[in-house]
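The values are calculated or read from the model by the stated rules, or taken from the named source; none is laboratory data. Everything numeric in this text was worked out from a predicted model, so none of it was measured. Note: ideal-geometry Cβ built from the backbone for every residue, glycine included; neighbour counts use all protein chains shown. SASA here: full protein model, heavy atoms, side chains in, ligands and nucleic acids out. Shrake-Rupley method; radii C 1.70, N 1.55, O 1.52, S 1.80 Å.
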Amino acid sequence: MLTLDSDWLDEFERAEVEPVYLVQIYTTTGDPLAFCTGNRILDFAGIYNPFTGGTSGAKTAYPSVAAVTPLAIDLDPFERTINRNSATISFHDDGPIRDFIASTRLLNRNVSIKLGTANLTTELDWAPVFRGLVSKIETREGVIDIECRDFFHYTEKPYYGNWVNKHPLEVMKKLLEDQGVPSGFIDADTFDPTDSDYASIAHYVVTHWSSGPILNPINVTGQHRIGYEPIKMAVQTICEDLAKAMVGSVFFQEDGKAKFLKFDTGATVRAHWGPDQIQDFAQLETIIINEIDAKVTGAWLEEEDTFEGNVRFKDTTSQSNFAFPGESNGVFAQSVGFNLMNFQGVLQQPV
């Protein structure tokens with residue numbers, strides 16, 4: 001996913017190195033504003049513009065950034081979710097910064113954070129670590145905090161639309177675009193079902209009709225009848241469920257682009273953050289899973305009640321190996337909700 005530049009690697013392999021964050025704020029799709037941490041003004045011959053694909057002219061980054069919060073990444077290998085949700089940029093509350101923030105509309109503007117050193121004068125050598133949107137601005141003594149969130153910020157909204165017999169990758173791309181994620185921030189190639197890497201999932205189609213029964217009768221002109229209302233499913237939830245069905249994951253990369261990744265257990269590591277770049281790593285739970293109980297839910301449009309079903313998968317060899325002495329099996333169970341029943345065609349008769 002992330003390829004680190006050789007000059008960047010050389011810099012961080014030095015015995016003494018001072019990491020610097022470079023913060024770029026795009027109030028338009030043109031020339032960005034540039035700031036940095038540290039105590040040196042940084043001069044670049046040009047800065048890559050992701051909106052145009054070109055390079056801007058010379059740019060100076062001023063050391064107005066007091067701190068950038070550690071960028072936390074949550075990875076759930078069982079649920080197949082990757083979240084890089086937010087970052088906070090703290091600016092020194094000096095006169096120019098206060099005037100800039102007071103006179104500039106920053107909410108929903110694009111922010112890019114990169115990691116490098118003061119010796120890296122070529123901006124393309126810097127490693128991208130976060131890209132997202134300004135979601136909130138707060139002031140405190142001597143500091144102005146700009147809170148930023150990634151593009152999953154768009155996908156928390158419910159989806160009310162419908163689709164019939166579409167490939168899950170096409171659905172996810174359309175959902176992201178409909179919710180406001182710019183097309184330039186979607187890795188379109190990874191959402192193309194005709195890609196040769198997707199031969200094993202190219203035949204999938206799904207259908208979704210966003211209506212479901214209201215469990216309480218509606219009183220209309222003195223008569224009781226059953227009405228219907230849209231199923232309020234968040235776009236992020238729909239995308240993650242569809243990705244699970246294709247044995248993959250959908251997430252926003254360091255460069256801010258949404259990507260679908262099909263799991264490949266034989267793939268090699270392309271690039272990785274080492275102990276010098278990761279401040280802390282915590283494995284929240286150590287688990288052994290040898291039995292999975294997958295719950296699927298759905299609803300008949302002509303009935304009032306939803307229905308549930310369960311599919312159970314067992315690793316009998318593992319259960320035998322972890323059995324209590326004298327017993328035949330030891331079960332380490334895990335349950336998961338699968339909303340696949342919401343993505344099926346339903347044959348209905350006219351009302």
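A few points about this structure:
- Being part of a loop (DSSP other than H, G, I, E, B) and either modelled with pLDDT under 85 or under 30 Å from Asn108 (Cα atoms) (or both) is a property that holds for Ala202.
- Scanning the range 32-61 for residues that are open to solvent by 40 Å² or more (accessible area, probe 1.4 Å) and in contact with a helix residue (DSSP H, G or I) (Cβ under 6 Å, 6 or more places away or on another chain) yields a count of 1.
- Test: residue in the range 141-148 that is among the hydrophobic types (A, V, I, L, M, F, W, C) and over 27 Å from the mean Cα position of the chain (by Cα): yes
- Residue within the range 135-149 that is surrounded by 18 or more Cβ atoms within 10 Å (Cβ to Cβ), under 23 Å from Glu240 (Cβ atoms) and either of a type in the set (Asp, Glu) or free of Cβ contacts under 8 Å to residues at least 40 places away in the same chain (or both) present: no
- In the set His92, His153, only one residue is at pLDDT 90 or above, surrounded by fewer than 21 Cβ atoms within 10 Å (Cβ to Cβ) and in contact with a Ser or Thr (Cβ under 9 Å, 6 or more places away or on another chain); that residue is His92.
- Of the residues in the range 68-80, at least one is within 26 Å of Gly142 (Cα to Cα) and modelled with pLDDT of 80 or more.
- Residues that are among the aliphatic types (A, V, I, L, M) and either modelled with pLDDT under 60 or surrounded by fewer than 17 Cβ atoms within 10 Å (Cβ to Cβ) (or both), drawn from the range 234-278: Ala234, Ala245, Val247, Ala267, Val269, Ala271, Ile278
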